[in-house]
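Q: Please see the structure below; I have some questions.
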Amino acid sequence: MTIFLRAGGQLRAMLKPDIDHYTRKVEIDGEKTIGEILKDISLDPAYVALIYVDGVMKDLSFRPSDGQTITLQPPVSGG
Amino acid sequence: MANGSTSSRGLAGTTLRIDLTTGEIKRSPTDEKLMREWFGGRGAIAKILYDEVPRDADPLGPENLFIICPGVMSGCFIPAGSKVEFGSVSPLTNGHGDSNMGGHLGPALKFAGYDMVILSGISPRPVYLFIDDDRVELRDASQYWGMGSLECEPVMKQDLGEDFEIATIGPAGENGVRFSCITHDFGRQAGRTGQGAVMGSKKLKAIAIRGSRGIVVHDLEKLTEHVTAIMKRTQTHPNMAPWQKYGTAFFIEWSNTNAVIPTRNFQTTYYENIEGISGEALVEKCLISHKACFGCWMNCGKYTKAVLPGKQTVYLEGPEYETGALCGSNLGMTDINQVAYLNWLMDNAGMDTMSGGGVVAFAMECFQRGLITADDLEGHTLNWGSVEDAEHFIDMVVHRRGTGDYFAGGTKRAAEKIGRGSEKFAMQVKGQEMSGYDGRYAPGMLLSYMTCDIGAHHNRSWTITVDMAEGRDTIEGRAKVVIYLQHIRSLFDIWCICRLFWGELDVEPEEIVEALKYITGWDVDTAEALVTSEKIWNLVRCHYLERNRANGRTFDYPPARSWEEKIPTGPSAGKGLTKDQIEAMLDEYYAGRGWDKNGNPSRAVLHDLNLDFAADNIEKIGLLGKPLSNGIPAVRGERYKPKAF
């Protein structure tokens, strides 16, 4: 299964995008949660403030499906 | 906008000086040398306040100035060039005070032809400032005096025309509540440092502006090409869509998970009822529509309604993150509608929701500990999570009834009256209440509050992810990061453009400086911009020392809770800083700035920044920093590259 992770701001460098400036393609064996996927790619979930999929906020337990794009947003640098 | 061959590129050309005592209005050409050297906005305001307000002037008296300055980029084709800066000596901190807001007022002022308005004196009767291009008048405001901010704006628009941009104060500002704000566009506030109280002291109820002119820029073609590229790029930025949907409120839950959210007056950093006040709850329960400031395609503002049983349904902008934290978890509220209602209440009263949330929380803890009782509260209780109790208490503060008068001066003054150890949990620095992050397990954040030039405020430096990346148990190296952030983030208040495009959408400072060059024609680079920001920071420090007459270090401490109490609950239970660590952070910070151990700027650093006049002034009162044995640091503040990134 292939998913696409997107991130900007402070998270961008941690994500190490490979498709374009913001996007990384990730191959997954079987069904996994976002939390597990982030662990697999060594991205500390503590830096992720919001997981955004198809216009809706999700949490680390969300299990993406094949081809889905998941946006990871860092915390606001002061609200 | 048009290409300019005049010298006034980016500037409107005229400065207004208005004596409210006599009603005299003077026009003069804008001082371009001042604008170039200090970059307008917060910079120009800092210099004028330093030069013109007597050091013993009462912040709420006639000698204080109230300055409105939108800066050189506001109103131009630049991401969110919407801001306007207000400045005066702060009645909350007794030092230089400034605060800004988005919306449309700043651009309108420039479109009317003015770069700055400097008001002095006190009007004999309530007035509002009316500006319609060349027509500038002080008009009677007796019919508006006493109205809430959110109620007054639509009435004034009805009276004057929808195309007027209006800024108002509420009863809090009229009554001299020291953390009063200025409100515009039904929910944009210049909240911090009590600028609304200064307006109120001058009997200035409102500002109404309609401007029909353009702004001449240096190179319109290059500016258009440059900013269009930024627009296209940021529209597809990953952060854009979540921002547009949730605004800043989305990260309330993150602050809770990472144990920095202030809870029940900063007693702990983890809130058990966070779901009820989260960004998701805001969108689900309260959101009506999204809202943007002038020249912004991010529309992070959330126009909402609050529906509570037994209360009138109210309409407002917010709550954004700070209000969500400081009027939510910090007051023990469990429902986003409660937070939104309190947000509306404070907005309409014209008080800063950040300091307001801090003051109510402090009073609630005083009640919890028996330091104030129902006898002090007109027979009411003041319990955590009670909107009714908070509403009654806010009314006492706004109208300064009974003990409400103590709290109208902010938590520091209230603690001085209440005593009995309450100063330990009056969560402020220099008189201004802390923002919505607890710094006990985020040492850089605490240092940011301690050293912020206008009193505790996150706007000038926010370091929580830095603290996480460097290790929250360590303090080393944090001062250099704080200094850098204080310089770079302040630039946005100097330029009067929104910081979020830089912080959240990866627009680089160099790109903004390039736009500044196309707007003004100035030969400027990012390094010069950062030095100018540092220069302003040091001038504001000298101003504070000259007004408050003691070593700077004595003013830079947080309340004792910050080191005496470990965090009691949540993921960071048992964590906290020691007094020694706080002292060490200050030592590192002063050394990084070229100040001595007393926190006073040295002559060498002031000379390096062309501030010899300020060095002379603080030397006369015995507060010039001692010479530094190793000289001043060549770089004061280092661009941050954390290990984890």
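Values in this text are rule-based calculations from the coordinates and carry no lab data. Small disclaimer: the values here were computed from a predicted structure and weren't measured. When we count neighbours, we look across all protein chains shown, and the Cβ atoms used for this are built from the backbone with ideal geometry, even at glycine.
Q: When Lys and Arg each count +1 and Asp and Glu each count -1, what net charge do the other residues less than 10 Å away from B:LYS285, Cβ to Cβ, add up to?
A: With Lys, Arg at +1 and Asp, Glu at -1, the neighbours total -2.
Q: How much net charge surrounds B:LEU345 when only other residues with a Cβ under 11 Å from its Cβ are counted (Lys, Arg +1; Asp, Glu -1)?
A: -2
Q: Okay, next question. With Kirkwood's inverse mean 1/r over C-alpha pairs for Rh, give me the Rg to Rh ratio of the range B:301-382, two decimals please. Intermediate values should be presented prior to the final figure.
A: Numbers: Rg = 13.2 Å, Rh = 13.2 Å.
That ratio equals 1.00.
Q: I've got another one for you. B:ARG36 versus B:GLU619, label points 7 Å from Cα toward the beta carbon: distance in nm?
A: 2.9 nm
Q: Positive end of the charge dipole of the protein assembly as shown (Lys, Arg +1 and Asp, Glu -1 on Cβ, about the Cα centre): tell me which of A:PHE62, B:GLY328, B:ASN548 has its Cα farthest that way.
A: B:ASN548
Q: Now for a different question. For A:SER65 and A:LYS39, calculate 0.36 nm times their separation in residues minus their Cα-Cα distance, and state this gained length in nm to one decimal. Walk me through the numbers on the way to the answer.
A: Numbers: separation 26, 0.36 × 26 = 9.36 nm, distance 1.76 nm.
Here the answer is 7.6 nm.
Q: Among the listed pairs A:LYS58/B:LYS245; A:LYS16/B:LYS245; B:LYS47/B:LYS535; B:LYS222/B:LYS517, which are separated by more than 19 Å between their Cα atoms? Present the calculation step by step, with values, prior to reporting the outcome.
A: Numbers: A:LYS58/B:LYS245 13 Å; A:LYS16/B:LYS245 26 Å; B:LYS47/B:LYS535 10 Å; B:LYS222/B:LYS517 10 Å.
Those over the limit are A:LYS16/B:LYS245.
Q: Hey, what did the range B:205-317 get for relative contact order, percent, Cα under 8 Å, at least 6 apart? Walk me through the intermediate numbers first.
A: Numbers: 107 pairs, mean separation 21.8, N = 113.
Contact order relative to length: 19 percent.
Q: Turning to a different aspect of this structure: For chain B, what is the charge dipole size about the Cα centre, in debye to the nearest 20, if Lys and Arg each add +1 at the Cβ and Asp and Glu each add -1 at the Cβ? The partial results should precede the final answer.
A: Values: 68 positive and 83 negative charges, 128 e Å.
So the magnitude is around 620 debye.
Q: Further question on the same structure: When the helix-only estimate is applied to chain A (DSSP H runs of n ≥ 4, each -39,500 (n - 2.57), divided by the residue count), what is the mean residue ellipticity at 222 nm, nearest 500 deg cm²/dmol?
A: Details: 2 runs with 13 residues, N = 79.
Result for chain A: -4000 deg cm²/dmol, rounded to the nearest 500.
Q: Another one. Using DSSP to call loops (not H, G, I, E or B), can you name the trypsin sites (Lys or Arg not before Pro) in the range B:1-93 whose Cβ has at most 10 other Cβ atoms within 10 angstrom? Before the final figure, lay out the partial values.
A: On the way: sites: B:ARG9, B:ARG17, B:LYS26, B:ARG27, B:LYS33, B:ARG36, B:ARG42, B:LYS47, B:ARG55, B:LYS83; in loops: B:ARG9, B:ARG55, B:LYS83.
Nothing satisfies the criteria.
Q: Hey, another quick one. Rounded to the nearest 20 Debye, what is the dipole magnitude of the range A:2-73 about its Cα centre when Lys and Arg each give +1 and Asp and Glu each give -1 at the C-beta? List each step's numbers first, then the result.
A: Working: 9 positive and 11 negative charges, 47 e Å.
Using Cβ point charges on Lys, Arg, Asp and Glu, the range A:2-73 gives about 220 debye.
Q: Still on this structure, please answer the following. Would the range B:455-591 count as rounded, prolate or oblate if I go by the C-alpha gyration tensor, calling it rounded below 1.5 in a/c and otherwise prolate when a/b exceeds b/c, oblate otherwise? Working shown, then result.
A: Values: a/c = 2.64, a/b = 1.55, b/c = 1.70.
Judged from the Cα gyration tensor, the range B:455-591 comes out oblate (a/c at least 1.5, b/c at or above a/b).
Q: Another question about this same structure. Of B:ALA206, B:ILE25, B:SER82, which is farthest along the charge dipole of the range B:2-217 in the positive direction, counting Lys and Arg as +1 and Asp and Glu as -1 at C-beta?
A: With unit charges placed on the Cβ atoms, the residue in question is B:SER82.
Q: While we're on this one: Which one of B:ALA46, B:THR381, B:GLY148 has its Cα pushed farthest toward the positive end of the charge dipole of the protein assembly as shown, where Lys and Arg give +1 and Asp and Glu give -1 at the Cβ?
A: B:ALA46
Q: Please compute the contact order of chain A in relative form: average sequence separation of alpha-carbon pairs under 8 Å and at least six residues apart, divided by the residue count, as a percent. The partial results should precede the final answer.
A: Working: 141 pairs, mean separation 31.8, N = 79.
With pairs under 8 Å counted, the relative contact order is 40 percent.
Q: When every alpha-carbon pair in the range A:2-73 is counted, what percent end up more than 15 Å apart? Intermediate results must be reported in sequence, preceding the final value.
A: Values: 1177 of 2556 pairs.
Summing the P(r) tail past 15 Å for the range A:2-73 gives 46 percent.
Q: Over the Cα atoms, compute the radius of gyration (one decimal) and Dmax (the largest Cα-Cα distance, rounded to a whole number) for the range B:2-217, in Å.
A: 15.7, 48
Q: Separation of the range B:390-463 and the range B:204-242 by C-alpha centroid, Å?
A: 35 Å
Q: Let me ask you something else. What ranking of B:LEU150, B:LEU447 emerges when the number of other C-beta atoms within 10 Å of each C-beta is taken as an exposure proxy, fewest first? Don't jump to the answer; show the numbers that get you there.
A: Details: B:LEU150 22, B:LEU447 29.
Going from sparsest to densest Cβ surroundings: B:LEU150, B:LEU447.
Q: If you line up the Cα atoms of the range B:503-544 on their principal axes, what length do they span on each, largest first, in Å?
A: Ordered largest first, the range B:503-544 gives principal extents of 34, 28, 15 Å.
Q: I've got another one for you. Kirkwood hydrodynamic radius, computed over distinct alpha-carbon pairs, for chain B: how many Å, to one decimal?
A: Numbers: mean 1/r = 0.0409 Å⁻¹.
Hydrodynamic radius (Kirkwood, Cα only) of chain B equals 24.5 Å.
Q: Also, quick follow-up: How big is the charge dipole of the protein assembly as shown about its Cα centre, in debye rounded to the nearest 20, if each Lys and Arg gets +1 on its Cβ and each Asp and Glu gets -1 on its Cβ?
A: 760 debye
Q: Here's another thing I want to ask about it. Ignoring everything except DSSP H segments at least 4 long, calculate the 222 nm mean residue ellipticity for chain B; use -39,500 (n - 2.57) per segment, divide by total residues, nearest 500.
A: Numbers: 26 runs with 254 residues, N = 645.
Calculated at 222 nm, the ellipticity per residue is -11500 deg cm²/dmol.
Q: Further question on the same structure: Given an 8 Å cut-off on Cα distances and at least 6 residues of separation, report the relative contact order of chain B as a percent.
A: Values: 1531 pairs, mean separation 95.2, N = 645.
Relative contact order comes out at 15 percent.
Q: Moving on to the next point. Give me D for the range B:109-244 in µm² s⁻¹, whole number, from Stokes-Einstein with Rh from the Kirkwood sum over alpha-carbon pairs, 37 °C and 0.692 mPa s.
A: Details: Rh = 16.8 Å.
The diffusion coefficient I find is 195 µm²/s.
Q: Here's a follow-up. Just report the Cα centroid separation between the range B:259-328 and the range A:42-79, whole Å.
A: 20 Å
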